[in-house]
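Asker: Here it is, the structure, as structure tokens.
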Amino acid sequence: MNKPLSPSAQKVQQALAGFGLDCRVKELGESTRTALDAAQAVGCDVGQIVKSLVFRGKTSGVGVFVVASGANRVNEKLLAALVGEKIDKADADFVREQTGYAIGGVPPVGHATPLVTFVDEDLLQYQEIWAAAGTPNALFSLTPEQLCLITSGKVVPIKKI
């Protein structure tokens, strides 16, 4: 018998169902807090892990959400140009306020506030990717097409070279 999902993971499962997706949230015994941890936990390449990053517009204070390949670092100068203002990495309180989740478990769906979202084009090369699901040990698999659907994100070349 399956153990019930934690409230945060259940919230993600419901958000996925709201899109008509049959993705299944899994809560594991080990941490999936970092891209490397998550890749090791599910046995995939670190590039297949969806890193969820929240930034904040320096002037506007607007939240900006980036879903990036776990193998990549985000080019913050390029992101600022896309947003149209300088950006800062968001602190833990801002991340929770904007998404409803704590750092280390921020999913790409079910946020408290709609966020301007950008999707790392490198994620599109994979048939299957894995994203956080509300807690530091919960995740789910999906396709890049499904990720674009649930985030309404703009696909961009965002990696730092």
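The values are calculated or read from the model by the stated rules, or taken from the named source; none is laboratory data. Small disclaimer: the values here were computed from a predicted structure and weren't measured. Methodologically, a virtual Cβ is constructed for each residue, glycine included, from the backbone with ideal geometry; neighbour enumeration extends over all protein chains shown.
Asker: Kindly indicate the residue of the stretch 1-14 that is over 15 Å from Gly105 (Cα atoms) and not basic (Lys, Arg) and also modelled with the lowest pLDDT among those meeting that condition.
Answerer: Result: Met1.
Asker: Looking at Ser52, is it hydroxyl-bearing (Ser, Thr, Tyr), buried (at least 20 other Cβ atoms within 10 Å of the Cβ) and closer than 20 Å to Thr99 by Cβ?
Answerer: The answer is yes for Ser52.
Asker: With respect to Ala80, is the statement that it is out of contact with any Leu (no Cβ under 7 Å at 6 or more places or on another chain) and not acidic (Asp, Glu) true? It would help to see each step written out before you state the result.
Answerer: Numbers: out of contact with any Leu (no Cβ under 7 Å at 6 or more places or on another chain): yes; not acidic (Asp, Glu): yes.
Yes: the conditions hold for Ala80.
Asker: Read through the list (1) buried (at least 21 other Cβ atoms within 10 Å of the Cβ); (2) under 21 Å from Thr113 (Cα atoms), then give the number of the only condition that Val25 fails.
Answerer: (2)
Asker: Right, next: Taking the stretch 113-161 as the region of interest, how many residues are hydrophobic (A, V, I, L, M, F, W, C), free of Cβ contacts under 8 Å to residues at least 40 places away in the same chain and in a helix (DSSP H, G or I)?
Answerer: Of the residues in that region, 2 qualify.
Asker: Quick test for you: out of Ile129, Ile103, Ile150, pick the one residue that is modelled with pLDDT under 95 and either of a type in the set (Val, Ile, Thr) or surrounded by 19 or more Cβ atoms within 10 Å (Cβ to Cβ) (or both).
Answerer: Working: Ile129 fails: modelled with pLDDT under 95; Ile150 fails: modelled with pLDDT under 95.
Matching residue, one of Ile129, Ile103, Ile150: Ile103.
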